[in-house]
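*Asks:* Here you go, one structure.
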Amino acid sequence: MAKGKKGPSVHVVPSKTQPGKFVAKEARTSSPRTMSQHVIHSPKGWVVRKSDSGRAARVFDSKDEAVGYARDVAKTERSELYVHRKDGTIMEKDSYRRG
């Protein structure tokens, strides 16, 4: 990628073909790419992932713990937070991009 250019914005979404798996999907926006934190349920517990990563940053036993951690990271990185329901749909979205 050329210096100064940013790639497309990506979101983590449930796979339609592999239950229990998640895939990165390009967002339908032309705004500059912003890293976001996603809280997602998995068989291991509540997982916090960055939008461009297939790996979990952290795994928590409770959703509240995962949301608290992801919110702190999103505030520090001035990014967005997506909290997903167990079925993978987004139940909450917060942006910490500005002050």
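The values are calculated or read from the model by the stated rules, or taken from the named source; none is laboratory data. This is a predicted model, so every value here is computed, not measured. Neighbour counts run over all protein chains shown; Cβ positions are idealised from the backbone, glycine included.
*Asks:* Among strands (runs of 3 or more DSSP E) lying entirely in the stretch 47-99, which contain 3 or more residues that are touching a Phe, Trp or Tyr at 6+ places or on another chain (Cβ under 9 Å) and closer than 25 Å to Pro19 by Cβ? Even if it seems obvious, please write down each step before you answer.
*Replies:* Numbers: elements: 58-60, 80-84, 90-95.
Passing ranges, in order: 58-60, 90-95.
*Asks:* Right, something else. So, of the residues in the stretch 79-99 that are hydrophobic (A, V, I, L, M, F, W, C) and closer than 15 Å to Arg49 by Cα, which turns out to be surrounded by the fewest Cβ atoms within 10 Å (Cβ to Cβ)? Before you say what the answer is, go through the steps one by one.
*Replies:* Here is the first cut: in the stretch 79-99, the ones hydrophobic (A, V, I, L, M, F, W, C) are 81, 83, 90-91.
Within this subset, residues satisfying the condition of being closer than 15 Å to Arg49 by Cα are 81, 83, 90.
Numbers: Leu81: 21, Val83: 19, Ile90: 13.
Step by step, filter the stretch 79-99, then rank; the result is Ile90.
*Asks:* Filter the stretch 48-93 down to residues that are touching a helix residue (DSSP H, G or I) at 6+ places or on another chain (Cβ under 7 Å) and not basic (Lys, Arg), then give me how many there are.
*Replies:* Result for the stretch 48-93: 5.
*Asks:* Cβ-Cβ distance below 6 Å, separation of 6 or more or different chains: which pairs start in the stretch 51-70 with a residue that is of a type outside the set (D, E, K, R) and end on one that is part of a loop (DSSP other than H, G, I, E, B) and modelled with pLDDT of 85 or more?
*Replies:* Short answer, once both residue conditions are applied: Val59/Lys44.
*Asks:* Select from the stretch 71-83 the residues that are among the hydrophobic types (A, V, I, L, M, F, W, C) and at pLDDT 95 or above and write down the one among them that is nearest to Arg97 (Cα to Cα).
*Replies:* Taking the candidates together, the pick is Leu81.
*Asks:* Separate question: Go through the stretch 8-46 and give me each residue that's assigned to a loop (DSSP other than H, G, I, E, B), at pLDDT 70 or above and of a type in the set (A, V, I, L, M).
*Replies:* If the condition is that a residue be assigned to a loop (DSSP other than H, G, I, E, B), at pLDDT 70 or above and of a type in the set (A, V, I, L, M), then Met35 is the only one that fits.
*Asks:* Just one of the numbered conditions (1) at pLDDT below 85; (2) surrounded by 15 or more Cβ atoms within 10 Å (Cβ to Cβ) is not true of Lys5; which one?
*Replies:* Failing condition for Lys5: (2).
*Asks:* Further question: Considering only the stretch 48-63, I want to know if a residue exists there that is acidic (Asp, Glu), over 10 Å from the mean Cα position of the chain (by Cα), surrounded by fewer than 17 Cβ atoms within 10 Å (Cβ to Cβ) and within 14 Å of Val13 (Cβ to Cβ).
*Replies:* Within the stretch 48-63, the first condition is being acidic (Asp, Glu), and the residues that meet it are 52, 61.
Imposing the further condition that a residue be over 10 Å from the mean Cα position of the chain (by Cα) reduces the set to 61.
Then drop every residue that is not surrounded by fewer than 17 Cβ atoms within 10 Å (Cβ to Cβ), which leaves 61.
Cutting the leftovers down to within 14 Å of Val13 (Cβ to Cβ) gives us none.
The answer is no; no qualifying residue exists.
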